[in-house]
Amino acid sequence: MSKSKDLTRRQFIKTGALLGGGLVVACHLPFGRRNAQAAQQGEFAPNAFLRISQDESITVIVNKSEMGQGIYTSLPMLVAEELCCDWKKVRFLPSPVAPEYNHTQFGPIMVTGGSSSVRSEWSRLSLAGAAAREMLITAAAQTWNIAPASCKAENGFVVSPSGAKLSFGKLADKAAMLPVPKDPQLKAGKKNLLGTPAKRLDSPAKINGTAIFGIDVQEPGMLTAVIARPPVFGGKVVSFNADKAKAIPGVRSVVAIEAGVVVAADDFWQAQKARKLLSITWDEGVWSSLSTPAMHEQYARLAETPGLVARTEGDAAAHLDNNPEKIEAVFEMPYLAHAAMEPLNCFVALKKDSGLIRTGSQFQTVDRAAAARVAGLQPEQIVFETTFLGGGFGRRGNPASDFVIEAVQAAKALGRPVKVVYTREDDMKSGYYRPMWYNRVEAAVDKKGFPLAWRHRVVGQSIIAGTAFEPVLVKNGIDHTSVEGASDTPYSIPNLQVELHSTANGVPVLWWRSVGHSHTAFVMESFMDELAHKAGLDPYRYRCALLAKHPRNLKVLQTAAEKAGWGKPLPKGRARGIAVHECFGSYVAQVAEVSLGKSGTVKVHRVVCAVDCGRTVNPDTIKAQMESGIIFGLSAALYGAITFKIGRVEQGNFDSYPLVRMSAAPRIEVHIIDSNEEPGGVGEPGVPPIAPAVANALFALNGARVRTLPMTPERVRSALKKA
Amino acid sequence: MIELKVNGKRMQTVASVDTPLLWVLRDHLKMTGTKYGCGEGLCGACTVLIDGKPERSCITPVGDVRGKSVTTIEGIPEQHPVKQAWLAQEVSQCGYCQPGQIMSAVALLNTSKKPSDADIDRAMSGNLCRCGTYGRIRTAIHVASGRKTARGGKKP
């Protein structure tokens, strides 16, 4: 397990080299050039991440996109802790796209993803705050003509031994003239801000309607466009007639681009009304017969044959082949849409030698480079401004830059600034889904019922194949993100084999909150539960026995079980299920309490969650992310499925792709393990355990084992018949 | 030309009568606090009050709002108990759905002074939140109604 983690780390460093040369390692470039983000006059800008103004305001420049995870607060907290400023004076400012703001571990690109923001910025931003603090202290000491070491900084002031005080704002000018310390020292002792539930800096703008999301961008002279995209992935426009569309008042232009037919108008309503009147002849390409049942058959056949080996320990085949006692199961999970509340959109304005893009992106450097290629500009000629994201979940961090490229194509074809807006149906049908997965698992157990051998065959599309990450993240044909969570399982299994069949069928796929773990945790934790029940053992204790050498996994498992009252009686008709999973450097266990409605509707009443994400920045944000991951995962567990018929996506809006609503939302309790370990991620790790915890609770309730997601009433009723 | 009253101010729009109120607010009056999520009245992101009642502005033709009084998120005072409770509970994550959630909550508290959990389920289940802030929304509504304290505990 540690082996594969080291490998991943090495791969990321190599990725950096691959994507443009030059390693970016936190310690090589601690906090950027001075003034990289041009400071206003009268401001102290000691590095790319911080400005201190004469009016005492502290501006932290944030290089991560705010998509709900609270990063516009967490990263400023890291700076503020070391700066020793007054938290009430701290503001955030989204960073531009510049090398100073590249990810410290993922290579020379600005990116928000992989639950990595706090982990990857902790050191750099702490040093940025510490350096500024030292400069302010030196400036004050020089003013007083005393030794800097005799002074201290607290709450926005430098304080002398005699108790004299100078505010950071008053010191800003003088500090700006000083050299930046090469080796700033971090504070010793107790933290003031880290570990406290500081209020989110972005909350006020989000409750009064002033927060600007990509869809809210308004520019003089701008048109709003919708695009008629091919009904089948890979399709192309052959010809179109726009006579009726152009008759709609306000419609300014209808043009074909590579992505489809653009209808641009003065407002959104006119554009989408006109689009319905287009008559388009499509070349549907090679995927026009795509169907979910056919894919299912193809995947099932593949799962009967050996795949590429992702992990092997001992000799699983020797225990499993021709073993009539072996236990087998198949787990299936559908394609899933990210379905962020804000549909995709992108504003683009192009001039002869410059461009402006405003949108919510998780992948700015990549998007800007793609935009530049399409526009015929250099990336540096494009100003790329990151708005708030009305949800990301991976969809706005696409190596293919789909929604940005087509908006640039549209702006180029129209010769006008344009905001391309997706309708909900466009957003749902335009692809980039969590892949559909088919998993076949076999196990042989020892006399006590613990796994002796385990073979897991994963069948599904590779997310990484065909992207710039392929040469480093796909090794010997194995996309690590297809098998993560299974190939690196912490469970003690002496003979383990994980195999992979990577399929190719034209459906655009992408990372979806928790990536591979979103399917592997369901398989691992459901099947582990089955083995425990087969052995006649308590599924919680069964897991504890297999995780004895993994104290962090064990601790979250024990905490969740204890806080949920594991083993204690419940009202009639209710049962508990448990699951634990490790990903993105964090450990999460969840206990779900469920009941079943007459029609087969699963009702989740309560979820108790324990998380160990190492040292914490903001515990309330961590709680919020666990709550969020649980609801997000529950929507997938109970309702989510994208399916295909004659090449077309069958879902379109929230009636056919339902999400958990208030009435179905369980009560959630989150317990954070007190820890001094390295910080882990929190955006994604809350998602994987919930589906298996619910499925396991359902089994505990009535013996119905649902192995295919989502757990629709039909599937539950059918599992009940087999129980 | 259609005249309507938004947040107490008389406003005019040249939008065609079939244009949903949502797009008049966003694209014509440049009030972008009211959000587009589904266009079919399924998600509640576009919720506004029309003569005090919560309505989905994405499926309300502006022609039907002629002469009526529209309240949007921009028209809710900063000190309104619902907004204050939203801040105290740190409800917002991505924040995109929150203007609609707040408008539904304001409407609920206008008609039900101390809503029960069941009342909240009924009034709020038309508002989707992909970030899953439902638990905090429920607590915030109880706090705004005075049923719970700002720390979430039950009032004595």
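Laboratory data are not the source of any read-out in this text; all were calculated from the coordinates shown. Keep in mind the model is a prediction, meaning the values are calculated, not measured. Glycine gets a Cβ as well: all are built from the backbone with ideal geometry, and neighbour counts include every protein chain shown.
Fewest neighbouring Cβ atoms within 10 Å first, the residues A:L178, A:L557 line up as A:L178, A:L557. Averaged across the residues of A:660-672, what count of C-beta atoms belonging to other chains lies within 10 Å of each residue's C-beta? Average neighbour count from other chains, rounded to a whole number: 5.
One decimal place: the segment A:V383-A:A205 gains 61.7 nm when fully extended, by the rule 0.36 nm per residue minus the C-alpha distance.
Computed from the C-beta positions of A:K563 and A:D173 and an R0 of 51 Å, the FRET efficiency is 0.45 to the nearest 0.05. For chain A, the 222 nm mean residue ellipticity estimated from helices alone, with every DSSP H stretch of n ≥ 4 adding -39500 (n - 2.57) and the total spread over all residues, rounds to -9500 deg cm²/dmol. The phi-based Karplus calculation (6.51 cos²θ - 1.76 cosθ + 1.60; θ = phi - 60°) puts the 3J(HN,Hα) values of the range A:602-607 at 7, 10, 9, 8, 8, 10 Hz, whole numbers, x for Gly and Pro. For the residues of A:258-270, the average number of beta carbons from a partner chain within 10 Å of their own beta carbon is 3.
Summing charges over neighbours of B:D117, with a neighbour being any other residue whose Cβ is under 12 Å away from its Cβ, gives +4 when K and R count +1 and D and E count -1. The loop-placed trypsin sites (Lys or Arg not before Pro) in the range A:592-660, going by DSSP, that have at most 10 neighbouring Cβ atoms within 10 Å of their Cβ come out as A:K598.
Once the Cβ-Cβ distance between B:E3 and A:N192 is put in as r, and R0 is 41 Å, what FRET efficiency do you end up with, to the nearest 0.05?
My answer for the efficiency is 0.15.
Summarising the amide proton neighbourhood of A:C583: residues at separation of 5 or more, or on other chains, whose placed amide H is nearer than 5 Å comprise A:V588. Loop-located GluC sites (Glu not before Pro) in the range A:219-303 (DSSP state not H, G, I, E or B) with no more than 12 neighbouring Cβ atoms inside 10 Å: A:E258.
Computed from point charges on the beta carbon alone (+1 for Lys and Arg, -1 for Asp and Glu), the dipole magnitude for the range A:542-665 about its Cα centre is near 400 Debye. Stretching the chain fully between A:D243 and A:S162 yields a gain of 21.0 nm (0.36 nm per residue, less the alpha carbon separation). The charge dipole of the protein assembly as shown, taken about the Cα centre with unit charges on the Cβ atoms of Lys, Arg (+1) and Asp, Glu (-1), comes to about 1840 debye, rounded to the nearest 20. Net length available on complete extension from A:E677 to A:R373 is 105.1 nm, with 0.36 nm assigned per residue and the Cα-Cα distance removed.
Applying the Karplus relation 6.51 cos²θ - 1.76 cosθ + 1.60 with θ = phi - 60° to the range A:107-120 yields 3J(HN,Hα) values of x, x, 9, 8, 8, 10, x, x, 6, 10, 4, 5, 4, 7 Hz, where x marks Gly and Pro.
Let a ≥ b ≥ c be the square roots of the eigenvalues of the Cα gyration tensor of the range A:485-607; is it rounded (a/c under 1.5), or, if not, prolate (a/b larger than b/c) or oblate?
Cα axes put the range A:485-607 in the oblate bin.
Taking every residue in B:74-83 and counting other chain Cβ atoms within 10 Å of its Cβ, the average works out to 2.
Amide H to amide H, with H built 1.01 Å from N, A:R667 comes under 5 Å of A:R606, A:V607, counting only residues 5 or more places away or on other chains. Does chain A come out rounded, prolate or oblate, given a ≥ b ≥ c as the square roots of the eigenvalues of its C-alpha gyration tensor, rounded meaning a/c under 1.5 and, failing that, prolate meaning a/b above b/c? In terms of gyration-tensor shape, oblate. Neighbour counts of C-beta atoms inside 10 Å place A:S167, A:S115 in the sequence A:S167, A:S115, starting with the fewest. Working note: Karplus 6.51/-1.76/1.60 with θ = phi - 60° gives the range A:220-227 the couplings x, x, 7, 9, 10, 10, 10, 10 Hz, where Gly and Pro are set to x. With a ≥ b ≥ c taken as the square roots of the eigenvalues of the C-alpha gyration tensor of the range B:2-75, please select rounded if a/c is under 1.5 and otherwise prolate if a/b is larger than b/c or oblate if it is not? Note, shape of the range B:2-75 comes out rounded. Put simply, the amide H of A:L50, placed in the peptide plane, has neighbours under 5 Å in A:I61, leaving out anything fewer than 5 places away on its chain. By the count of other C-beta atoms within 10 Å, a proxy for reagent exposure, B:Y36, A:Y639 are ordered fewest to most as A:Y639, B:Y36.
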